[in-house]
1. Quick one: which of 47, 78 is open to solvent by less than 30 Å² (accessible area, probe 1.4 Å) and in contact with a Gly (Cβ under 9 Å, 6 or more places away or on another chain)?
2. Of the residues in segment 14-29, how many are closer than 19 Å to residue 53 by Cβ and acidic (Asp, Glu)?
3. Quick one: residue 36 ticks every box in (1) within 16 Å of residue 114 (Cβ to Cβ); (2) open to solvent by 50 Å² or more (accessible area, probe 1.4 Å) except a single one, so which number is it?
4. Out of (1) without any contact (Cβ under 8 Å) to a residue 60 or more places away in the chain; (2) farther than 14 Å from residue 25 by Cα, the odd one out for residue 80 is which?
5. Give me the residue from segment 53-75 that is closer than 19 Å to residue 120 by Cα and β-branched (Val, Ile, Thr) and, out of that set, surrounded by the most Cβ atoms within 10 Å (Cβ to Cβ).
6. Residue under question is residue 21, and the condition is that it be at pLDDT below 90 and surrounded by 16 or more Cβ atoms within 10 Å (Cβ to Cβ); does it hold?
7. Scan the helices (runs of 4 or more DSSP H) fully inside segment 1-114 and keep the ones with 2 or more residues being within 15 Å of the chain's Cα centre (by Cα) and on the phi > 0 side of the Ramachandran plot.
8. State the number of residues belonging to segment 75-101 that are touching an Asp or Glu at 6+ places or on another chain (Cβ under 7 Å) and aromatic (Phe, Trp, Tyr).
Amino acid sequence: DRKRAEEQLRFQAQLLNSAREAIIATDLEGHILYWGSGAEELYGYSGEEMIGESIALIVASEIEEAEQARMRLVHKTGKWSGQYMKCRKDGSSFWADTVISLVTDQHGQPCGFIGIDRDIADRYSKAKRLDSSNIPDAASCEDEDISSVEHKPKNVEIHEILEDFEKMKMAFLDRQQA
């Protein structure tokens, strides 16, 4: 039984590491417990660098308050999905499509979070061009499903988080210019 359980764990770990998306697990305080190979590729940090570190390393500092609000929402509702800016090791930022779920222990008590990130910078840029022109650019949209890019939040709580984020971003930019 023990050998079968170990094989099952190895298989599950291999499944996670085979995913192209960035899969990241944290404890309730945001310390990274799992950093998949997709996360290594997307963010540029190795698993060894990130295990034990704060998830804040990949969140733009000007939206940390919005990130905290997002995590409170996940803790309350069990999940969140949407798009927002993330940061790579080299300092560059990009638009990510993110799904965050609450993880519970065998007793149903919250014990952490798992997130899946996908770089959508190209799709986001194409969608913004479509929004501004209302005329699809066939060359830039060829074989690309941009309909999945959400432009408006699905519920009021997320909308409020995004409004707060925009306010913080504007305040940050104002301070930078001053």
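The values are calculated or read from the model by the stated rules, or taken from the named source; none is laboratory data. Quick caveat: nothing in here was measured; it's all calculated off a predicted structure. As a convention, Cβ positions derive from the backbone with ideal geometry for all residues, glycine included, and neighbour counts pool all protein chains shown. Keep in mind that these areas ignore ligands, DNA and RNA; they rest on the heavy atoms of the full protein, side chains included. Shrake-Rupley method; radii C 1.70, N 1.55, O 1.52, S 1.80 Å.
1. Being open to solvent by less than 30 Å² (accessible area, probe 1.4 Å) and in contact with a Gly (Cβ under 9 Å, 6 or more places away or on another chain) holds for just one of 47, 78, which is 47.
2. So the count comes out to 2.
3. Tallying (1) within 16 Å of residue 114 (Cβ to Cβ); (2) open to solvent by 50 Å² or more (accessible area, probe 1.4 Å), residue 36 fails exactly one: (2).
4. (1)
5. Checking each candidate, the answer is 58.
6. Details: at pLDDT below 90: no; surrounded by 16 or more Cβ atoms within 10 Å (Cβ to Cβ): yes.
So residue 21 does not fit the description; no.
7. On the way: elements: 2-18, 37-43, 47-50, 64-77.
Per the criteria, no element qualifies.
8. Looking only at that region, the number is 1.
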